[in-house]
Amino acid sequence: MIGEYFKLRQRQTSFKIECVAGLTTFLTMAYIIFTNPDILSDNTGMDREALIAVTCIVSALATIMVGFFANAPIAMAPGMGLNAFFAYSLVLGDKVPWETALGVVFLSGLFFWILTLLGLRKKLVEAIPPSLVSAISVGIGLFITFIGLKNLGVIVQGSEATLVKAGQLNATVLIGMAGLVVMLFLEMIKIKGALLVGIIFSTALAAIFGYIPKPEQWITSNLNLSAVALRLDIVGALKWSLFGSIFTLMFIDMFDSVGTLVACCHQANMVDEKNRIKGLGKLLGLDAVATMIGALLGTSTTTAYIESAAGIEQGGRSGLTSVVTGILFLLALVFVPIVQIVPRYAAAPALIMVGLFMMKEIRRIDFTNLEEAFPAFIIIVMIALSYSISTGLAFGFISFAMMKVLSGKARDVKPAMWIIAIFSLLFLTLEQIPNLIERIKSFF
């Protein structure tokens, strides 16, 4: 019954493989259970305990919906970067009450959903040239490798001159590297579940050598959501001064989800004979619905997670992977102290491995053709160095249109691609528009 619903045989997978993939995805993104509440509560005054519960519930609901309705191995949760924009820009910077900020998140999801119903988002994604699709995968691979190295402690913050530098080979770094070696060895001899085994191995080493503190309790019963749930102020968000923030959130979510879905769905072979993503409309629609549900329950924008690639690399090919990941988020509601045991440096090697596997797409980019090579290069570099998928895509899409104009081939650019380039330009300049208007007024 389960196999038929999720088409396991057609996708050349099995119940066991999907379960391992779902657990791997969960372990690589479980940090969001604690990171999202920390960012929001420390800077907005929202209740942290309620946010932990909401983060688990929203992640579970969104991911399970993707599994059942889109049959895709894609996990969703409150987005990193998006929560920072919510906390630092909206609440701290613009002095917007967090209830109104949740209204802004809801409206951005609503507009996103309307664009999806009209089919505009799907057309925009399908207008992206194959070379840029490959560049997105490579760029995200480099990006999550950087995140993995940072979480492992191999890369640390440097001086103003160097920005980053190599970290010291302390005990936790060595423990994480031991897990990486296990992953590499198991992958070389074609053993399924290599990433999961490596994570467990590193966690066990950390426990043996006393680097994991024993939890004060094994379960938690504090599931009160009332402090943040249904507290959003939609009417208060319907101000002209906040429309810029609404569209900024929408653009960030659009480019982040597009980049993640393009990379992960191609990695999972969810493409047809024309290289178009199967079920793209459903995935984009669910992304928007998840954002609205998240705002209602009391958290920032929900989006597709690139850590889904870890589960896909372990063989996850169907929605059953997502369902398993979602169920684990629900279980985490009760077993938060146990989930917290897995240190980030133990899960970090899985991200490095996934980055390695995603780099293979670079062979599809023709670097002898400058019109194709430069935009692809910009996407790859800017995703990693700007620490933002959305920013990297915006620079790349603008570069693509610019190169076509410079080469006298502007007519080769599809209308939808021109729309993407315009959206990208708006996304990069939206915050500067009020200052530009003021400067123009000063001349008159």
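Overview of values
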quantity: Under-5 Å amide H pairs with ILE155, H placed in peptide plane, nonlocal only; calculated: LYS150, GLY167
quantity: Fewest-first ranking of TYR5, TYR305, TYR387, using other Cβ atoms within 10 Å as the exposure measure; calculated: TYR5, TYR387, TYR305
quantity: Highest average packing first - 24-32, 277-285, 324-332, Cβ atoms within 10 Å; calculated: 24-32, 324-332, 277-285
quantity: Rounded to the nearest 20 debye, dipole of the chain from Cβ charges on Lys, Arg, Asp, Glu; calculated: 940
quantity: Signed unit charges on C-beta, dipole axis of the chain, positive-most listed residue LEU184, GLY326, THR13; calculated: THR13
quantity: C-alpha center-to-center spacing [segment 234-262, segment 394-433] in angstrom; calculated: 19
quantity: Net charge of neighbours whose Cβ lies under 9 Å from the Cβ of VAL156, counting Lys and Arg as +1 and Asp and Glu as -1; calculated: +2
quantity: Among the listed pairs LYS360/LYS414; LYS150/LYS190; LYS274/LYS409; LYS190/LYS214; LYS150/LYS360; LYS150/LYS239, those beyond 29 Å (Cα-Cα); calculated: LYS190/LYS214; LYS150/LYS239
quantity: Within-14-Å neighbourhood charge of GLY298 [Cβ basis; K, R +1; D, E -1]; calculated: -2
quantity: Cα-projected label distance for LEU370 with PHE68, points at 7 Å along beta-carbon direction, nm; calculated: 5.5
quantity: Sparsely packed GluC sites (Glu not before Pro) within segment 264-332, loop by DSSP, other Cβ within 10 Å at most 12; calculated: GLU273
quantity: Cβ-based charge dipole, the chain, positive-most Cα from MET292, SER388, TRP113; calculated: TRP113
quantity: Residue order, fewest to most beta carbons within 10 Å, for THR260, THR302; calculated: THR260, THR302
quantity: Cα gyration tensor shape of segment 288-444, rounded if a/c is under 1.5, else prolate or oblate by comparing a/b with b/c; calculated: oblate
quantity: Residue exposure sequence - LEU223, LEU232 - by fewest surrounding Cβ within 10 Å; calculated: LEU223, LEU232
quantity: Loop GluC sites (Glu not before Pro), segment 153-235 (other Cβ atoms within 10 Å of the site Cβ: 10 or fewer; DSSP); calculated: GLU160, GLU216
quantity: Listed peptides 196-207, 358-369 by packing density, highest first (mean Cβ within 10 Å); calculated: 196-207, 358-369
quantity: Loop-located trypsin sites (Lys or Arg not before Pro) in segment 1-74, at most 11 other Cβ atoms within 10 Å (DSSP); calculated: ARG9
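Every read-out reported here was derived from the displayed coordinates using simple, explicitly stated rules and does not represent laboratory data. Please read these numbers as outputs of a predicted model, since none were measured by experiment. All Cβ positions, even for glycine, are placed from backbone atoms using ideal geometry, and neighbour counts span all protein chains on display.
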